[in-house]
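Student: Questions regarding the structure given below will be posed in turn.
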Amino acid sequence: MSEARTKGKRPSESAVVISRLMNPSDANPLGIVHGGEILKMVDEAGGLSAMRHARSPVVTVRLDSMTFLEPIYVGDLVIVKAMVNWVGRTSMEVGIRVEAENPVTGQRTHTNSAYAVYVALDDQGRPKPVPPLILETEEEKRRWREAEERQQIRLSQRRAKERLSSNR
Ligand SMILES: CC(C)(COP(=O)(O)OP(=O)(O)OC[C@H]1O[C@@H](n2cnc3c(N)ncnc32)[C@H](O)[C@@H]1OP(=O)(O)O)[C@@H](O)C(=O)NCCC(=O)NCCS
């Protein structure tokens, strides 16, 4: 087993926070930010966290559905926090939380959360083993258990899709 695989890492070691001020070019004519801008930031933060964990390039293999709970407006500061919840052999689930802050009033709103799965790649672009995740807190253990259940569901959906397309 390679050293990268055996030496574990804590979720806090790869946690990421990115933030960006929303401009008129990010929004519709009503000043409400496009969902796609937020999705891009979500994938960027999630991918960075996965890369930090794996210390290798990664690709997004799955971005779970995302519900926008509150609108984000031009002039808001968008803050995206990402943390590795679970690791498999070559895949990692990252939990991503989006908040919008009105910099004038200081009011912060949780606008959405998402889960994404990334796969680490080697120099040949093939899936590569990632380090184990060291879980210390009860919160981290709960996140792992819930992520593992979600991953089971994703993989069974993938198998069902593969069965459907092989029957066509
Ligand atoms: C990601 C990719 C390399 C995986 O290739 P693959 O042939 O499916 O490889 P595997 O079947 O060995 O899967 C690799 C890992 O991904 C996981 N995985 C594959 N499909 C998945 C899905 N739909 N949901 C969740 N995890 C998935 C597997 O469980 C496996 O994890 P593990 O090693 O921890 O057990 C390949 O699908 C790919 O290149 N996809 C395109 C990615 C891309 O372009 N993304 C957008 C731009 S970044």
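Student: Pairs please, first residue from the range 135-155 and small (G, A, S), second anywhere and not in a helix (DSSP H, G or I), Cβ atoms under 6 Å, 6+ apart in sequence or on different chains.
Tutor: A147/N85; A147/W86; A147/E93
Student: Check V42, V94, V87 and return the single one that is surrounded by 15 or more Cβ atoms within 10 Å (Cβ to Cβ), β-branched (V, I, T) and touching a helix residue (DSSP H, G or I) at 6+ places or on another chain (Cβ under 6 Å).
Tutor: Numbers: V42 fails: touching a helix residue (DSSP H, G or I) at 6+ places or on another chain (Cβ under 6 Å); V87 fails: touching a helix residue (DSSP H, G or I) at 6+ places or on another chain (Cβ under 6 Å).
Unique residue meeting the criteria: V94.
Residue-by-condition table, conditions (1) more than 15 Å from the chain's Cα centre (by Cα); (2) more than 9 Å from the ligand (Cβ to nearest atom); (3) farther than 14 Å from R62 by Cα:
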site	(1), (2), (3)
R89	yes, no, yes
E99	no, yes, yes
T109	yes, yes, yes
P127	yes, no, yes
P131	yes, yes, yes
L135	yes, yes, yes
R143	no, yes, yes
Q157	yes, no, no
R163	yes, yes, yes
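Student: Looking only at the range 114-125, which residues are surrounded by fewer than 21 Cβ atoms within 10 Å (Cβ to Cβ) and more than 8 Å from the ligand (Cβ to nearest atom)? Even if it seems obvious, please write down each step before you answer.
Tutor: From the range 114-125, those surrounded by fewer than 21 Cβ atoms within 10 Å (Cβ to Cβ) are 121-125; that's our starting set.
Correct list: D122, D123, Q124.
Student: Taking the condition of being within 14 Å of the ligand (Cβ to nearest atom) and either assigned to a strand (DSSP E or B) or of a type in the set (D, E) (or both), how many residues in the range 50-87 meet it?
Tutor: First, pick out the residues of the range 50-87 that are within 14 Å of the ligand (Cβ to nearest atom): 50-51, 53-54, 56-65, 84-87.
Cutting the leftovers down to either assigned to a strand (DSSP E or B) or of a type in the set (D, E) (or both) gives us 58-64, 84-87.
The total comes to 11.
Student: Which members of the range 116-162 meet the condition of being in a helix (DSSP H, G or I) and either among the small types (G, A, S) or farther than 26 Å from M66 by Cα (or both)? Quick ask: steps written out before the conclusion?
Tutor: If we filter the range 116-162 for residues that are in a helix (DSSP H, G or I), which is where we start, we get 138-162.
Across the range 116-162, the qualifying residues are A147, S156, A160.
Every number here is computed from the coordinates shown, using simple stated rules; none is lab data. All values reported here derive from a predicted model rather than from experimental measurement. Ideal geometry is used to build each Cβ from the backbone, glycine not excepted, and the neighbour counts take in all protein chains shown.
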